[in-house]
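Data block below; observations after.
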Amino acid sequence: RRGRGDSGDADVYAVEREIEDLAALIAEAGGSARVFGLSAGGALALKAAAAGVGITQVAVYDPPFAVDDTAPRPPAGFTDKLTELSATDRRSEAVEFFMVNGMGAPAEAVAGMKFAPFWAGLEALAHTLPYDVTILGEDFALPADELGAISAPVLVVHGGDADAWLQSSAKAVAETVPGASRHSLTGQGIAVDPAVLAPELKEFFTN
């Protein structure tokens with residue numbers, strides 16, 4: 001995705017450009033693809049499918065839309081604060097702010113994550129977190145019209161131990177996308193074990 005890893009970036013971000021990136025990659029790969037997206041990446045994959053990009057199947061894990069009163073509500077100026085933190089190289093603070101104030105993660109839990117090996121990877125993409133907020137919208141509302149326009153088969157997966165609002169989001173996405181299916185992974189949360197998730201994706205994408 002834009003600004004992550006070896007991918008290029010631009011001075012001004014737009015969701016449409018990321019969808020065009022996906023379209024270009026799929027065209028290079030032969031014109032069609034099965035796509036998996038995690039969290040806001042899942043929201044992007046769904047938007048791309050709704051836009052008519054050559055996606056034949058879509059699987060998403062924990063799409064973070066706010067659909068009930070249990071969901072966190074980002075504070076006013078959330079995107080501006082994220083941008084400020086990453087622009088001033090306070091990457092760890094940016095990740096913490098995003099997770100606590102945007103995703104509703106307990107501050108104590110996030111403080112403990114800072115000592116985990118994966119934290120450095122999160123810091124590396126801190127400057128792109130405002131992009132995720134742009135994809136989701138300032139209020140993280142469910143994009144019902146876009147989801148209703150998807151014709152490709154969709155699998156929505158969520159963790160059985162995920163916060164209630166994420167489980168509600170997964171259910172709402174599955175109910176809004178025509179013909180979508182939903183599956184809960186027992187014992188999994190937002191940091192899903194790839195070894196548990198992979199068989200679900202393999203079964204979906206090979207059927």
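The values are calculated or read from the model by the stated rules, or taken from the named source; none is laboratory data. Please read all numbers here as calculations on a predicted model, not as lab measurements. Ideal geometry is used to build each Cβ from the backbone, glycine not excepted, and the neighbour counts take in all protein chains shown. What goes into the accessible areas is simple: the full protein's heavy atoms, side chains included, and nothing from ligands, DNA or RNA. Shrake-Rupley method; radii C 1.70, N 1.55, O 1.52, S 1.80 Å.
Observations on the model:
- Extension gain for F205 to A111 (0.36 nm times residue separation, less C-alpha to C-alpha distance): 30.2 nm.
- Around E203: net Lys/Arg minus Asp/Glu count, Cβ-Cβ under 15 Å: +2
- Ellipsoid equivalent to the chain - semi-axes via the Cα gyration tensor, in Å: 26, 21, 17
- The chain: calculated mean residue ellipticity at 222 nm from DSSP helix runs of at least 4, using -39500 (n - 2.57): -13000 deg cm²/dmol
- Considering only V12, V133, V177, the mean-square fluctuation computed in a Gaussian network model of the chain, springs between alpha carbons under 10 angstrom, is largest for V12.
- Gyration tensor (alpha-carbon) shape descriptor, segment 78-134, a/c threshold 1.5: oblate
- Per-atom-type breakdown for the chain gives carbon and sulfur 54% of the accessible area (1.4 Å probe, protein chains only).
- Label-point gap, in nm, between D69 and A27 - each point 7 angstrom along Cα→Cβ: 4.9
- Pairs of Lys residues in the chain that lie 8 or more places apart, or on two chains, and have C-alpha atoms under 23 angstrom apart add up to 4.
- Across the chain, the mean sequence separation of Cα contacts (distance under 8 Å, 6 or more residues apart), normalised by length, yields a relative contact order of 23 percent.
- Surface accessible to a 1.4 Å probe, per residue, for the residues of the chain, Å²: 49
- Full-extension gain in nm, S92 to A144, via 0.36 nm per residue minus C-alpha separation: 15.4 nm
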